[in-house]
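The values are calculated or read from the model by the stated rules, or taken from the named source; none is laboratory data. Quick caveat: nothing in here was measured; it's all calculated off a predicted structure. Glycine also receives a Cβ, built like all others from the backbone with ideal geometry; neighbour counts cover every protein chain displayed. Protein only, heavy atoms only, side chains kept; ligands, DNA and RNA dropped before computing areas. Shrake-Rupley method; radii C 1.70, N 1.55, O 1.52, S 1.80 Å.
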Amino acid sequence: MSSLYENLRQLITVVDELRDVGLSRYISLPRIAAIGTQSSGKSSLIESIVGLDFLPRGGGVVTRRPLELRLVHLNTQEFQEDQAWAVFENIGDKKYTNFDDVRKEIERQTDAVAGTNKGIVNDPIVLTVYATGAPDLTLIDLPGVTRVPLKGSDQVEDIEKITRDMTLHYIKDPRTIILAVIPANQDMSVSDALQLARQVDPQGIRSIGVITKIDIMDQGTDAVKMLRGEDIPLRLGYVGVKMRNQQDISTSKPVKISLKEEREWFESHRLYSKLPPGLVGMDTLTGKLTTILFKHIRRFLPEIKKEINEKRRLTFLGLLPTRAGADSAKV
Ligand code: GDP
Ligand code: MG
């Protein structure tokens, strides 16, 4: 499981305890959405964060419907460690335990609604993944911003407006953490991701810049200035990542191996190994996300405490039945 899971273990325990005492309604964990241009690495990023291989990705227009990925934590007292399955909202109770089949089903549902001719449709696929190592969290994988319809495709003339509106629809919710995906081999000033993020989050309080494809920049160029935010400052900063290339995808390289390779690549890099901490690597990014999620929960703590105290008082007065475990929520 990815390090986001490891980091969030403590948080998961708190949320589980709150659920046990009937207080989970106070904790709606935020959503994380990856936004940006076509083929910038959004699907790859969502997979790396989740630590499972299950999304269609690759060159060209691959993600053609939004995917709402709901992660649901399974209690380890009830379920075996490392158990995971997926359920599609529109296919009833069928449990997918093989994640290759999940990818095939996403592809099938994409073709069924958006056609096989590169069409893009704003009708989300809703997928729930249950796993013992998962935090309760929703991740959104979006079709990228597309400027011009591809010749001979089903893409309509106003494809740019459609893809922009689709992105805005998801990121305007103030609970959504925005991962603005920017490929390192493009100029930042033309980034769709940064432009859209700014539109809904002008102060930059919930947008993280993610610089992808840092391994395939032009010879003689590097991402140091970008990573330091010298050109376009962003309050939560930028993180550079190196994910799987097309060949790795074709040869089915597992996400775990690619994370290990990424660490080694940055550690041995002439420039990036000398940067101050907190600017590169998936581990850094999941660390940042964890901090943001903890802050989010902390915002709700006063309300939760109030509710617990009220329950205690009513129980004491004999107006509520005593509930085992009601005192165990350490908030
Ligand atoms: P999306 O359209 O934004 O969802 O992009 P994908 O995740 O589908 O990736 C598009 C292509 O870029 C795929 O062929 C990936 O293998 C490749 N890719 C993504 N991230 C990286 C990276 O960090 N380095 C390299 N070399 N290739 C990458
Ligand atoms: Mg994609």
key: Modelled label reach - LYS225, point 7 Å along Cα→Cβ, the range 171-209 residues with backbone N closer than 12 Å   = 187-189
request  = Within the range 222-319, list the GluC sites (Glu not before Pro) lying in a DSSP loop whose Cβ has at most 13 other Cβ atoms in a 10 Å radius.
outcome  = GLU230
inquiry  = Charges at C-beta only: +1 for Lys and Arg, -1 for Asp and Glu. How large is the resulting dipole of the chain about its Cα centre, in Debye rounded to 20?
reply    = 920 debye
query = How far apart, in nm, are the 7 Å Cα→Cβ label points at ASP93 and THR251?
reply = 4.4 nm
query = Counting Lys +1, Arg +1, Asp -1, Glu -1, what net charge surrounds TRP265 among other residues with beta carbon under 11 Å of its beta carbon?
reply = -2
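Count neighbours as other Cβ atoms within 10 Å of each site's Cβ, and list the trypsin sites (Lys or Arg not before Pro) in the range 146-205 that are DSSP loop with at most 15 such neighbours.
Qualifying residues, ordered by number: ARG147, LYS151, LYS172, ARG175.
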ask   = Ignoring ligands, DNA and RNA, what accessible area per residue does the chain give at 1.4 Å, in Å²?
value = 50 Å²
key: Surface/4 of the Cα convex hull for the range 2-330, nm²   = 18.8 nm²
message = If I model a spin label as a point 7 Å beyond the Cα along the Cα-Cβ vector, how far apart are those points for GLU264 and THR76 in nm?
response = 2.9 nm
query = By Kyte-Doolittle mean hydropathy of at least -1.0 and Cα axial length of at least 15 Å, which whole DSSP H helices of the chain are selected?
reply = 3-20, 99-114, 159-171, 255-267, 282-316
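On alpha carbon coordinates alone, what is the Rg over Rh value for the range 189-331, Rh being the Kirkwood radius?
Numbers: Rg = 22.4 Å, Rh = 18.9 Å.
Looking at the range 189-331, the ratio lands at 1.19.
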query = Can you pull out the trypsin sites (Lys or Arg not before Pro) in the range 36-141 that DSSP calls coil and that have at most 12 other Cβ atoms within 10 Å?
reply = LYS94, LYS95
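Can you send over the carbon and sulfur percentage of the accessible area for the chain, probe radius 1.4 Å, protein chains only?
Numbers: 8280 of 16480 Å².
Accessible surface attributable to carbon and sulfur in the chain totals 50 percent.
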